[in-house]
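First the structure, in the form of structure tokens, and then the observations on it.
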Amino acid sequence: MSLENIYPIFDTILSRSDKEKMLNQKSIVIWMVGLSGSGKSTLARALENSLHEEGYLTQLLDGDNMRTGINNNLGFNQEDRTENIRRAAETAKLFMNAGLVTICSFISPTEDLRKMAKEIIGDGYVEVYVDCPVEVCEKRDVKGLYAKARKGEIPDFTGISAPFDEPSAPDVAVDTANQSLEESHQQLVKAIIEKIKY
């Protein structure tokens, strides 16, 4: 598709800072990455609840939820996984530009995918690595996905038959294998509150 007949109006609409001022908060995108079963969604929900109680306006984008809506036409081949993250990042950027604290929970297994998300989102991107070894995630296996992957029922499953690149320089790292949920949650809340205070 050619963009020659497209005329964006970004420079004439209310700015992110106008909305941050109205909401009395700094808008960011908290991009939570980690293996399936590491605790991303659990921590994302807990973080959203805590921020809500503190008076912050938030939006939570979860990988499984996104795949039931805007990304329901995508599969799990490499091209579709890339498009899944691209759409999620573009959606998160829209919420951030509306002044919201946006919490994203996506496996985001490779440095390239995380780099793409960061480039789309820009200076509001805050990477949180939910660090948990595959052995621990597999023991938890809340959704039964690891068992299916081991049987060959799920091809290219991250951590089993597809790689996961550990983030090289996350803004925040929580160790859910060695910390309790509450400890990880409190560490995350403390780190994020500092970034969104107006």
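The values are calculated or read from the model by the stated rules, or taken from the named source; none is laboratory data. Just so it is clear, the model here is predicted, and its values are computed rather than measured. Quick reminder, even Gly has a Cβ in these numbers, built from the backbone with ideal geometry, and neighbours come from all protein chains shown.
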In segment 95-143, the residues that are charged (D, E, K, R) and in contact with a helix residue (DSSP H, G or I) (Cβ under 7 Å, 6 or more places away or on another chain): GLU127, GLU138, ASP141
So how many residues does segment 168-198 have that are in a loop (DSSP other than H, G, I, E, B), within 30 Å of ALA147 (Cα to Cα) and within 16 Å of the chain's Cα centre (by Cα)? 1
Flagged in segment 39-60 as more than 21 Å from CYS132 (Cα to Cα), in contact with a strand residue (DSSP E or B) (Cβ under 6 Å, 6 or more places away or on another chain) and outside any helix (DSSP H, G or I), in numbering order, are TYR56, THR58, GLN59, LEU60
Working carefully through the options ASP165, ASP156, find the one that is in contact with an Asp or Glu (Cβ under 6 Å, 6 or more places away or on another chain) and in a loop (DSSP other than H, G, I, E, B). ASP165
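Residue-by-condition table, conditions (1) surrounded by fewer than 20 Cβ atoms within 10 Å (Cβ to Cβ); (2) within 29 Å of ARG140 (Cβ to Cβ):
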| residue | (1), (2) |
| --- | --- |
| ASN24 | yes, no |
| TRP31 | no, yes |
| GLY37 | no, yes |
| GLN59 | yes, yes |
| ASN73 | yes, no |
| GLN78 | yes, yes |
| GLU83 | yes, yes |
| ALA92 | no, yes |
| MET116 | yes, yes |
In segment 1-30, how many residues are more than 14 Å from ILE196 (Cβ to Cβ), at pLDDT 80 or above, aliphatic (A, V, I, L, M) and not in a helix (DSSP H, G or I)? 2
Among the helices (runs of 4 or more DSSP H) confined wholly to segment 69-142, which include 2 or more residues that are within 11 Å of the chain's Cα centre (by Cα)? 78-97, 111-121
For segment 1-25, pairs from a residue that is touching a residue at least 12 places away in the same chain (Cβ under 8 Å) to a residue that is surrounded by fewer than 12 Cβ atoms within 10 Å (Cβ to Cβ) and not aliphatic (A, V, I, L, M), with Cβ under 7 Å and 6 or more apart or across chains, are GLU20/TYR198; ASN24/TYR198; GLN25/TYR198
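This table checks each residue for (1) within 17 Å of PHE106 (Cα to Cα); (2) crowded, with 19+ Cβ neighbours inside 10 Å.
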| residue | (1), (2) |
| --- | --- |
| GLU127 | yes, yes |
| ALA147 | no, no |
| ASP156 | yes, no |
| GLN186 | no, no |
| ALA191 | no, no |
Identify all residues within segment 143-153 that are of a type in the set (Gly, Ala, Ser) and either assigned to a helix (DSSP H, G or I) or modelled with pLDDT of 95 or more (or both); write none if there are none. ALA147, ALA149
Suppose we filter segment 38-64 for residues that are at pLDDT 95 or above and over 14 Å from LEU188 (Cβ atoms); how many remain? 7
